[in-house]
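S.K.: Following this message is one structure expressed as structure tokens.
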Amino acid sequence: SWRRSSRRTRRPCARRAAARELALGDGRQAARLMAWEQRGARILSALGISFAAWIAGVPIVARVFGNITFGGLVANVAVVPLAGMTVMLGMSGIVASLVAAPAGALFNMLAAGCTWLMTLVSEMVACCPGLAWETLPWSWCDCCLWYGSWLALFAVLSRHLPPREWIPVQSWRQEEKGNGDGTNWR
């Protein structure tokens, strides 16, 4: 069993999971551990996307509206997946309306429901006190300083921190290099 799984999986994460399965002796326990690891990775991924969107949006909002909001960090965790579902449902509604108008209407109503949920989450976060701070409108220099400081911080962190296997960028690099057997299949 170990030889077969080690030949099939070349990634260190998969090898560690196979070793954990052998150490525990029970495949169900290993499957439960891996499921919790995947849930944690999804949550961290959603928080990472939310944080990246917040970093990109703060200078724009501060320049145009004169405020900085920390509520976007919380709201984006729910709003970003809902936005993806809204787009998929809307596109499905367009395609389904070519076949049957009621099916297209159903998909479009579901997309409208997702839009309503996004608005509800945004309004709930906007009502929380202390999550939005008013500032003077930022100059272009302030915006460039903001982006430059985050870029410098990430450059320093990427050089001094060890690579993490749970960061999705690592799996992209693995796909680019291939698995050593002539394929890029994970």
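S.K.: I'm trying to understand the selection: among the residues of region 118-131, which are open to solvent by 70 Å² or more (accessible area, probe 1.4 Å) and either closer than 13 Å to Gly72 by Cβ or part of a helix (DSSP H, G or I) (or both)?
M.R.: If the condition is that a residue be open to solvent by 70 Å² or more (accessible area, probe 1.4 Å) and either closer than 13 Å to Gly72 by Cβ or part of a helix (DSSP H, G or I) (or both), then Glu123, Met124, Ala126, Cys127 are the ones that fit.
S.K.: Then there's this: So which of Asn108, Asn76 ends up being modelled with pLDDT of 80 or more, under 30 Å from Thr135 (Cβ atoms) and not aromatic (Phe, Trp, Tyr)?
M.R.: Matching residue, one of Asn108, Asn76: Asn76.
S.K.: I've got another one for you. Scan region 84-107 and report the pairs whose first residue is among the small types (Gly, Ala, Ser) and whose second residue is open to solvent by 100 Å² or more (accessible area, probe 1.4 Å), with Cβ atoms within less than 6 Å and a gap of 6+ or a chain change.
M.R.: none
S.K.: Separate question: Scanning region 48-66 for residues that are surrounded by 14 or more Cβ atoms within 10 Å (Cβ to Cβ) and of a type outside the set (Val, Ile, Thr), which turns out modelled with the lowest pLDDT?
M.R.: Looking at residues that are surrounded by 14 or more Cβ atoms within 10 Å (Cβ to Cβ) and of a type outside the set (Val, Ile, Thr), I get Ser50.
S.K.: Now for a separate question. Please specify each residue of region 78-103 satisfying the condition of being open to solvent by less than 50 Å² (accessible area, probe 1.4 Å) and not small (Gly, Ala, Ser).
M.R.: Val79, Leu82, Thr86, Leu89
S.K.: Please find, within region 132-186, the residue that is modelled with the lowest pLDDT out of those that are of a type in the set (Lys, Arg) and not in a helix (DSSP H, G or I).
M.R.: Out of the qualifying residues, it is Arg186.
The values are calculated or read from the model by the stated rules, or taken from the named source; none is laboratory data. Note that the structure is a prediction, hence the values are computed from the model and not measured. Note that each Cβ is placed from the backbone with ideal geometry, even for glycine, and that neighbours are counted across all protein chains shown. Please note that ligands, DNA and RNA were not included when accessible areas were found on the heavy atoms of the full protein model with its side chains. Shrake-Rupley method; radii C 1.70, N 1.55, O 1.52, S 1.80 Å.
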